[in-house]
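Written out below as C-alpha cells is the structure these notes cover.
Please treat every number below as a calculation from the coordinates, not as lab data. Everything quoted here is computed from the prediction, not taken from an experiment. Positions of Cβ are generated from backbone atoms using ideal geometry, with glycine treated the same way; all protein chains shown enter the neighbour counts.
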Amino acid sequence: MPDRDWRALRILEDLFHEAGALPAQQRDAFVERQPEPLRAELSALLRELDETGEGAEARISEAIGAVAEFALRPGEWAGPYRLIRCLGQGGMGSVYLATRADNAFEKNVAVKFVRAGMDSPASRERFEAERRILARLDHPSIARLLDAGATALGSPYFVMEYVESAGNILEYCERNGLSAAERLRIFRDVCDAVHYAHKNLVIHRDLKPGNILVNPEGTPKLLDFGIAKIIDANPTGYTQPRWITPRYASPEQARGDAVTTASDIYSLGVILTELLQAALPLDRDLRTIAGKATRESHGDRYDSAAALMADLQAAADGRPISARNYTRRERAWQWARRNRLPAAASATAVLSLMCGAGVAFRSAMDAQEARSVALAEKRKAEQQAARADRQARLAQRESAKAAAQAALAAERERVALQAQALADRRYSDSSRLAGSFVHEIYAEVSALPGAARASGKLLAATIAYLEKLASQNSTDDTVQMDLASAYRLSAMLDAGPGVRAGDGTRALELLEKAQAILLRLNSRHPGDLRTQLSRVEITGTLAAIRLEQGGKADHALDEEQRNLALARQLAADHPGDARARYMLAKTLTRTVFMALQARPAAASEAMADEAVRLLRPLLESAQPGEPEWHDAEDVLADSLSAQAQVNAVQNRFAEALRLHREGLRLRETIMKRYPLDTIRRRNVMLSHAFVANLHNSMGEPNHPEARMAVERMAAIAKELASEDTASNGAKLDYAMSSLRMAAFLSGEGNIREAAELERESVRALAALGAADPDNVNYRKHLTGALRQQGDTLRAMGLLPESLAAFEWMAREGEALTKRAPPLYALRLISIALSRIALVRTRMGEDDTARAERALEAATRVFENDTSPASQASLARAMARTGEVFALCAARGGRPEYWRRAAELLGNWDEAKRRLPGAVLPLGLAEGEDWDSLLAAARQATGQVAAKR
Amino acid sequence: MVELRQQEDNVTVLIEQWKEGEASALGKLMPLIYSELRRLARAQIAGERANHTLQPTALVHEVYLRLSGSAPPPVEGRKQFYGVAARVMRQILVDHARRYLRAKRGGGAPAVALRHLLPGPPTCAADLLALDQALDRLNAIDERKARGVELRYFAGLEMAEVAEILSISVMTLHRDLRFSTAWLAGQLRHRE
C-alpha cells in the first residue's frame, strides 16, 4: 500500500518538477494534458508555488517559527530569569545558575526545573499555596525560596537563593578534617533550621547530605525545603517520590504512610551517624542520641529537632542526655540497620561458606580408621544399654516434635510467601526502596526454614527491578550499591550450603557482577570506606566459592591473600573504625579457612589469633544483646573454629578441643537468640561435628562428649532437612551427618546400623549428584561416603560389596582429577587404590602392584603438602601397602614381599614415633594390627630388631 | 584539527554508550555538542523573523530532558544523533502547540500556569499541529522527504548538512523540499 502510494507520489513529483520548470503560460496546458485525478492533484500543488517558487517553503517555515517563537522566548521559559549554566542534573530535574533578566538588581539565583507536570487546576493551586508558605521561610541556614513558576511547556521550576557551596555537609567535614566538636556545631545549625521550619509547619521530606550544603564561611544551608511535597503531593494516598533516598528515608516514608516532622528527625539521625562515624567511633551517648532519632516508630523519636539539638549539646557538655531510658536493644537495632555493611546481611557465612559439608565431616571418614581394638572389648555391654536408652529418648523426642514442626513449617512458609507478596507489591509500585527493603525482608525470610524458594523469588524480583533501575540511572550510587548487595545476597542463596548448595557457578556470576559494580563505585569514590569494605567482602566470598568449587585452589587462596592485604590496609587507614576492624577479622578468618582447605600447612595460627584478638574488644565494648554485634559474634565463633582447626592440623588436639568448645558455647548463645535461623543452627551442628571429630583424633571416639556432640549434630541436621524439603543443602548436610553418625555407631560396634545409615547416605548423595551432574561437591562427598561404606562392608566381611564401593570411589576420584584441586583428587585416588588392593588381596589375589601405585599417589600428595596430617596420611598409606605385601607373602607369595612389607611397616612404625599424638595408632586391619604385621615381616626377613 | 577529530570520536563513542543504556553518557554528550545544538536551536527559533530574543539554552535543556527521560533511540553516529535531536525539537514544539490550544480551550486556568503564556496567534499553533500530522502522512509514503523537512525546518540545519545526513546531493534535497513543502502546504490548505 505505501509502496503504491510511493509510486504515485513519484509520478506526481516528476510531473510537478517538469511543470515547475516550464514558463508560467505553458504550465496550464501541461496540466490539462494529464489524466484525472492526477490533473487535479498537480494543479493543487502548483498553486502553492508563487512566482518565486518559494511560497510553500516560506509558509512551512513560518508555521514552525511562529510556534517556536512564543514557545521558547526566555521570559516565557523561566520567568524573568536568564539561565547562565547548568549546576547539576539529577533524578528530580536539573538546576541552573541564573540571574534576574530584568536588571532590577544583579543577583545570582538557582533555578530548579523539575520533571513533574502540573496539569490539573487543583495541582496548580496547591503549588501556588505551597510556594507562598515556603517563600516565608527566613532562616540563615535555609536557602530561601524566591519564586516559582512553570515554563511554557508546563514544567514547574523553583527559584532559590544561590548557595556558594564548599561541598555538602559530609564532604565539607571530610575535606576540612573537622573535629567531632566542629561537626556537631554545624549539625546543630542544621537542627536549628529544621526546627524553625517545623515551627512554620513546613516539613522537608527529603533531608540528606546532598541537600545540606556548607558555604565557604562554614554555615550549612538546607536546600529544597518542602519541595518534595509540592512536586509529589498526591492527596489520593500512597506516594513514593522516586528521588527520595532510601538510606535517609524514615520507615513511614518507606511504607508510603503520612510524613510528619518526625520523618525529618529520622533523616537527621541518619545524617548525624554518618557525620560522626567518619570522625570517631561513636561514643555511647552519641549512639544513643542517633538511635533515638532513628527509632522505627515515629512516636518514639525526639519530639522535635530542638530536643535532638539539646541532647547533642548535653552530650557535648558531658551532661546526662534525655535519651538514656531508651532501651539498648532497640537503639542498637536502629544503629545496626542504618550502619549495615551492604554485604554483611549474611555475615554468618564464613564457617557456613567454607564448611560445605566437606570440612566439618571430613574426619568422619577418619573415624573408620579410628576403630580401635583397645576400645572394642570393654565397650560392648555398656554401649548396648546406652544405645537402647538413646533410641528410646530419640523416639520420644521425635514424635513430640513431629507434629509441632509440621505446624511450624507451614507457618513459616506462609510468612515467607506473605513477605514475598509484599515485596512484589512494592516493586510494582516502582519504589526506590527495593534495595534497602530487600535487606530487611531477606534477613527475615532467608533465615526461615522452608523459605529457600520464597527468598529466591524475592531476590530474583529485586535484582530484576534493581537492574532496570540501574540501567535507567547508572550514576545513582545508591542503586548501584543496592544492586551489588542484592547480587551478593542472591549469590549466597545459591552457594550458601545451609540454603541450597548450588555448585557456585551462578553465585560466581552474580558475585562477579557485584564486584564489577563495586570497582566502579570505588573508582568513583576512592576514599569511601563502605564501598571498599564491601569490595573486600565480595572479593573474599568470590575466592571462597572458587576454592570450594575446586580447580585453581592456589589461585583462589592467593587472591584471598591479596584481599587480606587490602583489608589490612583499610584497617590501618581507619584505625578508629570498628567496621574496618570487623572486616579485617572476617577476612583473616576466611583466609585461614581457605588455607585449611587448599594448603593446610599454610594455615596460619597467627592469623586466626589476630582475628580473635580484633573481635574480642569489639564485642567487649558493646553491651551483650546489642544486635549490631551479632554478626561480629558469629565471626568470632568462626575465628575460634579456625583457630581450633589449625591446632588440629598441627595435632594439638587438646587446645583444638578447648577452642571448639568455646566457639560452640558462643554459637549456642547466638542460636538461642535466633531459634529459627537455619544458618546459625547449621553452624552449631558443624561445631558439634568438629568436637566429635577431635575426640576421634584423640583416640577416644566414644567419649561422652563425643556422643553428645554426635547426637546433637544428627538431631539438628534432621530437623533442618525436614523443615525445608526443597533445600539441597539441607539434604546434603543430612546425608553427611548420617555418615558421621554411622562412624560413631561403628565405633560402638553397632556395624549393622552404621551400614544402613551409610547405604542411605550414599543413595542420597548419588541422587543429588545425578540431579546436578556439574556439581563437584556432591561428587567429593560421594567419594567420602563410598570409602566409609566400603570400610564398613569390609569389616562385616562383605568383601565383593566392599570392593564395589571402593571401585566406585576410584572412578569418582578419576573423574574429579580435572575438576577438583589436584591434590584432593590424588588423595582420593590413593585411598581408593590402597583399599581396592587390600580387599582384592583378602579375596586371594596378588594386588601388590596396585598397592604400590596407591603409595606413589600418597607420596606425591605429601610432596606438595607436608602438614602433619598429610604426613600421617602417608604413613597410613605405607602401612596399608605394607599390609598388602605382608598378606601376600604370608600366603606364600614371593620372599621379597616380606622385605617390602617390613620396610613399609617399619616406616610407618617410625612415623608413629616421630609424630606426636593419636593420628597413627588407630590403624588396624581386621583385628590384626600393623604392629604385629610388622613383627611378622621382620621375623620373616630375619631382621628381628629391637629397635628402641 | 586533531582536537576536533578527537572530539568527533568522543561524540561517537558517547552516542554509542548512551545507546547501550549508559544513561550518564547523555549527560557527558550534551556539553560536547551543546554549541552545536544551540546553533540548531537558534536557527530554528530565529529564522527570518524579527524577534531574535529567543533563548536557545531553553530548547537545548528541553531536548536534554526529553532525551534523558526516554530510552535511547536507535542512532548510529553523530549525524543520526542530530536527526534524533531534530525529531525531539519537533516534538517539543508540537507539544507546546497542543498545550497552548488546550489552555485556550480550558479557559479560566489559574494565573500561575498561564502567567507565562503569551497570547500567541492561536492559528499558528493549530497550523503546527496540522503540519505535524501531514508530515506523519508524508513520512508514511516517503520517509526521506519527511526527514528532509524535519531536519531543514524543525532543526534548522543547513542544506549541505541535511543533504549529508540523508546521503543525497544538495540538488536532490532542493528538489525534495520544493515538492514536499508544496505538498504539505496543500495538505494544510485542505484541512477542514
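Taking θ as phi - 60°, what are the ³J(HN,Hα) couplings along segment A:295-301 by the Karplus curve (6.51, -1.76, 1.60), each to the nearest whole Hz, with x for Gly and Pro?
Residue by residue, segment A:295-301 yields 5, 4, 8, 5, x, 8, 7 Hz.
Return the average number of partner chain Cβ atoms within 10 angstrom of each residue Cβ along peptide B:173-181. Provide the component values of the computation, followed by the final result.
Working: counts 0, 0, 4, 1, 3, 10, 10, 5, 10.
Per residue, the number of nearby Cβ atoms from other chains is 5 on average.
Fewest first, what order do A:144, A:667, A:787 take by the number of other Cβ atoms within 10 Å?
A:144, A:787, A:667
Across peptide A:33-45, what mean number of C-beta atoms from other chains lies inside 10 Å of a residue's C-beta?
Partner Cβ neighbours, averaged per residue: 1.
Got a sec to turn the phi values of segment A:767-779 into Karplus ³J(HN,Hα) couplings, 6.51 cos²θ - 1.76 cosθ + 1.60 with θ = phi - 60°, whole Hz, x for Gly and Pro?
5, 4, x, 5, 6, 9, x, 7, 7, 5, 4, 4, 5
Pairs to check: A:468/A:513; A:586/A:672; A:112/A:292; A:513/A:672. Give those whose C-alpha atoms are more than 25 Å from each other in this structure.
Working: A:468/A:513 15 Å; A:586/A:672 23 Å; A:112/A:292 34 Å; A:513/A:672 36 Å.
Table pairs above 25 Å Cα-Cα are A:112/A:292; A:513/A:672.
Determine ³J(HN,Hα), in whole Hz, for all residues of segment A:314-320 in sequence, where each value follows from phi through the Karplus function 6.51 cos²θ - 1.76 cosθ + 1.60 and θ = phi - 60°; x replaces Gly and Pro.
The phi angles translate into 4, 5, 5, 8, x, 8, x Hz.
Which far-off residues, 5 or more places away or on another chain, put their amide H under 5 Å from the one on residue A:87, with H placed in the peptide plane?
A:95, A:96, A:97
Is the shape of segment A:610-761 best called rounded, prolate or oblate, per the rule: a/c under 1.5 gives rounded, else a/b larger than b/c gives prolate, else oblate, with a ≥ b ≥ c the square roots of the Cα gyration tensor eigenvalues?
Judged from the Cα gyration tensor, segment A:610-761 comes out oblate (a/c at least 1.5, b/c at or above a/b).
Given 0.36 nm per residue, what is the gain on full extension from residue A:313 to residue A:767 after removing their alpha carbon distance, in nm? Numbers along the way, then the final one.
Values: separation 454, 0.36 × 454 = 163.44 nm, distance 6.58 nm.
Result for the pair: 156.9 nm of gain on full extension.
Report the gain in length on full extension from residue A:199 to residue A:606: 0.36 nm times residue separation, minus Cα-Cα distance, nm rounded to one decimal.
Extra length from residue A:199 to residue A:606 when fully extended: 140.6 nm.
Order these by the 10 Å Cβ neighbour count, fewest first: B:176, A:577.
By the 10 Å Cβ count, ascending, the order reads A:577, B:176.
List A:139, B:96 from most exposed to least, where exposure is judged by having the fewest other Cβ atoms within 10 Å. Could you put the intermediate results ahead of the total?
Values: A:139 18, B:96 25.
Ordered from fewest to most neighbouring Cβ atoms within 10 Å, A:139, B:96 come out as A:139, B:96.
Shielding by partners for A:9-20, please: the mean number of other protein chain Cβ atoms within 10 Å of each residue's Cβ.
3
Name the long-range amide H neighbours of residue A:146: under 5 Å, sequence gap of 5 or more, or other chain; modelled H, no Pro or chain starts.
Here A:159, A:160, A:161 satisfy the definition.
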